[in-house]
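Here's the structure, in structure tokens; my notes come after.
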């Protein structure tokens, strides 16, 4: 790991969001419903990605379960936990998330990265979340030079 990436990880705070989340694949016709859920998700992590083949929604599990029967969707998966890597990373930085992704992959932990403009976020299956957070916190301590 180069010194720039090491320095960034040394300043990163690993912050799990409370609660469980669902990752949902929706047809484009459900975009308004997805945006409505996100707008009512105050205090919880949420994300919408609109791409050619689907609308992908990440939303708090209880909110999804309350509305799922009324929202046309292809599939839903979860529960996941959302974790924020609290550090504003310049968009020109290359390879910031790689050390964590490698360590999580080596531990057999599947991830769904969800990046925003300033911070990176990752969805981790709920049953793996505590172990994943520990692995990322170990990475931070290692980069800080603390045991």
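Values quoted throughout were computed directly from the atomic coordinates according to the rules given, and no laboratory measurement underlies them. Please read all numbers here as calculations on a predicted model, not as lab measurements. With ideal geometry, Cβ positions are generated from the backbone for all residues, glycine too; neighbour counts draw on all protein chains shown.
Points to keep in mind about this one:
- As a length-normalised measure over Cα pairs under 8 Å and 6 or more apart, the relative contact order of the chain settles at 31 percent.
- Between region 1-50 and region 69-105, the Cα center-to-center distance that results, in Å: 7
- Exposure proxy ranking, count of Cβ atoms within 10 Å, fewest first, for 84, 58, 12, 146: 146, 84, 12, 58
- Sites residue 68 and residue 88, calculated FRET efficiency, Cβ-Cβ separation with R0 22 Å, nearest 0.05: 0.05
- Peptides 86-92, 21-27, 111-117 ordered by average Cβ neighbours within 10 Å, highest first: 21-27, 111-117, 86-92
- For the chain, the Stokes-Einstein estimate of translational diffusion at 20 °C and a viscosity of 1.002 mPa s comes to 133 µm²/s, using the Kirkwood hydrodynamic radius over alpha-carbon pairs.
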